[in-house]
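Enquirer: For reference, the structure I am asking about is given below.
The values are calculated or read from the model by the stated rules, or taken from the named source; none is laboratory data. None of these values were measured; they are calculated from a predicted model. Neighbour counts run over all protein chains shown; Cβ positions are idealised from the backbone, glycine included. Each accessible area value is taken on the protein alone, full model and side chains, heavy atoms only, with ligands, DNA and RNA left out. Shrake-Rupley method; radii C 1.70, N 1.55, O 1.52, S 1.80 Å.
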Amino acid sequence: MRYLQNDLLEETGLKHFDMWAANFAETVTESQLSPEGNSYQMKTRFARFNNMPELMTLFKECADIKTTDQLGLKIPECEMHTIVAQPSELQKKLIENLSERARRIRLREVDPSVDNMLKIVSDGKKIGLDVRLINPEFPDDENSKLNLTINVVYDVWEKTAEKRSTQVIFCDLGVPQSKADEKKNGKKFSIYDDIKEKLIKKGVPPEEIAFVHSAKTEDAKDKLFAKVRKGEIRVLIGSTQKMGAGTNIQDKLVASYDLDAPSRPSDMEQRRGRMVRQGNENDKVDLYRCVTEGTFDAYLYQMLENKQQFTSQIMTSKSPVRSCQDLDEVSLSYAEIKALSAGNPLIKEKMDLDIEVSKLKMLKASHMNALYDLQDKVMIDLPAMIKFNELLISNIEKDLKAYNERSIVLDDKGKPAFPSIELFGKVYTDKDEAGKALIEACKQAARADITRNVEVGSYQGFKLNIGYEPMNRVYVATLSGSASYKTELGGSESGNFTRLDNALNGMEDKLTAAKQQLERLQNQLEEAMAQLDTPFPHEQELQEKSQRLDELTKQLESAADDKPTSELAEIVDPYFIEVSSEEAAEKLKSSGITFEMKESEGHYIVKINRSDKDKVHDLLEQQKKIVL
């Protein structure tokens, strides 16, 4: 906007970034893992974007947004499928362990360089994909989503052998190991190698399977992609980063697989865009999302989809919601990890409600915009148009009365004689002479000022103005009384007067049309006023689902703290405090500090970690504590 709309930003007072951010963005300051991964740091970032309708209105003054559906591009129809695998007992145990790790991180019991929430999410993805990514010694589960996907890949390969259709598999985890890394750290388990080995065992020729990572240069990539377009390589495996924008392999692509959830909403669109695009010979293609139930898979996909909805909504002509969250990388909160690890059914309900509430809010935004437009019509547009038409009718009636009352001179044959015309102060009574003078007047008017109408005289009691329209290359005459009547002029000297007379004789028709238009406008005003109080038809549903969503959010957050504080963490370096009031004990309970407490003769003996003693002393300072 700064480069394309600098004048507009200055005009609206948004030229400086601080002013723009104050109107359209909302910041939040929170602790995040440092880049080194060994400490936390406070970071301020944009968390929400507000006043989206106004922002998009400004942006669309310099951007003409056209999406695929608007352009009518010939792209294949894409059918979505979900490959669902049931978790093994080992996967369930590993997921449960993630909950404990998240708890210890939350209580700052673990150094961030050793474990943090990013590592937990990464490990959660690995567990959902294949447990051998955690430990290569773990067994290969034949019912894992990896093996189920391999079965589908082989079936599609076999069914499309005649057309030599191709398939692409996206996986950002377990990528091929470089020779240098293998030599230095030893052989590691690779998802890519596992897929290739199993497909070869099923009967797929090795030369028809390729890794995009094997192409180290741009030339090598071009040759690899060319083989895929020809159908020589029929199964291509790669990561989002290496097979994103610029990868043109769509010619024979019939199926695409998302083995894991990418990091950003835009990555999902990039993956899909490798297949669903112009130039694909298939009319119908299949997109497979691979998930393991009871892991992070489904929830991560849902979060990505929800965030992608905001982007899709903004980049269309639809009315955007007033606020939307930052469209950055997806992450999981402690409460969400705990709910997923415990298999909490509320998390699924919350996912569904997130989608439904978002859709309802979009519908309400469109409804409110329609009402605002209606208010403008009722208060400004329609009254102004009605007033204009009433005045127009009155003026035409005045002109019509004057025109009908004019004196008409008859010639020797009893027909109306030429009424004369006045041009530049000279009156012409001879029609032929007047016709030549009129054409000359047109030329003089254009020479005087080609950009506007020039008054050249009068005809039949009406002022005569002439202007030139360069686009149509015609002269236009305007006869003005109380209202105006236009007609084009031609090259015929006598024919021009017929045109002028027809313009005046058409006042009756113009009056009738104005009265009909006035009646239509009055009806529109009545209908618009009746619709002003129309409520949003789904308001009750939106309120109920928003309320339920708030309840679920609170329940999931509280579920993370549903155990007594004394059970949350161990006290490894005990320190004792005697608290003499029940109020002080209750205050300690709500602090989130790890402690154990026993009551003895009206006093409370509290055991805490020595590292928390300063916090507890500060907390209980007003409660007259006694330090032992």
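Enquirer: Mind checking which pairs have a first residue in the range 512-536 that is basic (Lys, Arg) and a second that is part of a helix (DSSP H, G or I) and open to solvent by less than 90 Å² (accessible area, probe 1.4 Å), Cβ under 8 Å, 6 or more apart or different chains?
Expert: 515/393
Enquirer: Given the options 151, 185, name the one that is farther than 26 Å from residue 88 by Cβ and more than 35 Å from the chain's Cα centre (by Cα).
Expert: 185
Enquirer: Out of all the residues in the range 221-244, is one or more open to solvent by less than 80 Å² (accessible area, probe 1.4 Å), in contact (Cβ under 8 Å) with a residue 12 or more places away in the chain, hydroxyl-bearing (Ser, Thr, Tyr) and outside any loop (DSSP other than H, G, I, E, B)?
Expert: Among the residues of the range 221-244, not one is open to solvent by less than 80 Å² (accessible area, probe 1.4 Å), in contact (Cβ under 8 Å) with a residue 12 or more places away in the chain, hydroxyl-bearing (Ser, Thr, Tyr) and outside any loop (DSSP other than H, G, I, E, B), which makes the answer no.
Enquirer: So, of the residues in the range 249-276 that are assigned to a loop (DSSP other than H, G, I, E, B) and at pLDDT below 90, which turns out to be farthest from residue 214 (Cα to Cα)?
Expert: Residue satisfying both the conditions and the ranking: 264.
Enquirer: Continuing with this model, one more query. Somewhere in the range 379-396, is a residue more than 25 Å from residue 512 (Cβ to Cβ) and part of a helix (DSSP H, G or I)?
Expert: Checked the range 379-396: at least one residue is more than 25 Å from residue 512 (Cβ to Cβ) and part of a helix (DSSP H, G or I).
Enquirer: Look at residue 396 and say whether it is touching a residue at least 24 places away in the same chain (Cβ under 8 Å) and touching a Ser or Thr at 6+ places or on another chain (Cβ under 8 Å).
Expert: Yes; evaluated as a whole, the condition is true for this residue.
Enquirer: Can you tell me which residues in the range 113-137 are crowded, with 19+ Cβ neighbours inside 10 Å and part of a loop (DSSP other than H, G, I, E, B)?
Expert: Listed by number, the residues that qualify are 116, 130.
Enquirer: I need every pair where a residue in the range 252-272 that is in contact (Cβ under 8 Å) with a residue 60 or more places away in the chain has its Cβ under 9 Å from the Cβ of a residue that is of a type in the set (Asp, Glu) and open to solvent by less than 10 Å² (accessible area, probe 1.4 Å), sequence separation at least 6 or different chains.
Expert: 260/297; 261/297; 271/258; 272/258
Enquirer: While we're here: Going through the range 418-438 one residue at a time, which ones are open to solvent by less than 40 Å² (accessible area, probe 1.4 Å) and either in a loop (DSSP other than H, G, I, E, B) or farther than 14 Å from residue 460 by Cβ (or both)?
Expert: Result: 420, 435, 437.
Enquirer: Among 487, 498, which is in a helix (DSSP H, G or I), open to solvent by 20 Å² or more (accessible area, probe 1.4 Å) and out of contact with any Phe, Trp or Tyr (no Cβ under 8 Å at 6 or more places or on another chain)?
Expert: From the options 487, 498, the qualifying one is 498.
Enquirer: Among the residues of the range 259-271, which ones are within 20 Å of the chain's Cα centre (by Cα) and within 21 Å of residue 192 (Cβ to Cβ)?
Expert: 261, 262, 263, 267, 268, 270, 271
Enquirer: Separate question: I want to confirm something. Restricting to the range 536-578 and keeping residues that are open to solvent by 90 Å² or more (accessible area, probe 1.4 Å) and assigned to a loop (DSSP other than H, G, I, E, B), which single residue is modelled with the highest pLDDT?
Expert: 537
Enquirer: I've got another one for you. Can you tell me how many residues in the range 166-213 are touching a residue at least 24 places away in the same chain (Cβ under 8 Å), exposed (fewer than 13 other Cβ atoms within 10 Å of the Cβ) and part of a helix (DSSP H, G or I)?
Expert: Summing the residues that are touching a residue at least 24 places away in the same chain (Cβ under 8 Å), exposed (fewer than 13 other Cβ atoms within 10 Å of the Cβ) and part of a helix (DSSP H, G or I) in the range 166-213 gives 1.
Enquirer: Another question, if that's okay. Restricting to the range 450-482, count the residues that are open to solvent by less than 60 Å² (accessible area, probe 1.4 Å), assigned to a strand (DSSP E or B) and at negative phi.
Expert: The qualifying residues number 15.
Enquirer: Just one of (1) open to solvent by 20 Å² or more (accessible area, probe 1.4 Å); (2) part of a helix (DSSP H, G or I); (3) under 19 Å from residue 507 (Cα atoms) trips up residue 447, so point out which.
Expert: Evaluating residue 447 over (1) open to solvent by 20 Å² or more (accessible area, probe 1.4 Å); (2) part of a helix (DSSP H, G or I); (3) under 19 Å from residue 507 (Cα atoms) leaves (3) as the failure.
Enquirer: Which one is farthest from the chain's Cα centre (by Cα) among residues in the range 69-85 that are loosely packed, with under 14 Cβ neighbours inside 10 Å and part of a loop (DSSP other than H, G, I, E, B)?
Expert: My answer is 74.
Enquirer: Filter the range 397-417 for residues that are closer than 27 Å to residue 510 by Cβ and of a type in the set (Asp, Glu); which is most open to solvent (accessible area, probe 1.4 Å)?
Expert: So, considering only residues that are closer than 27 Å to residue 510 by Cβ and of a type in the set (Asp, Glu), the one most open to solvent (accessible area, probe 1.4 Å) is 405.
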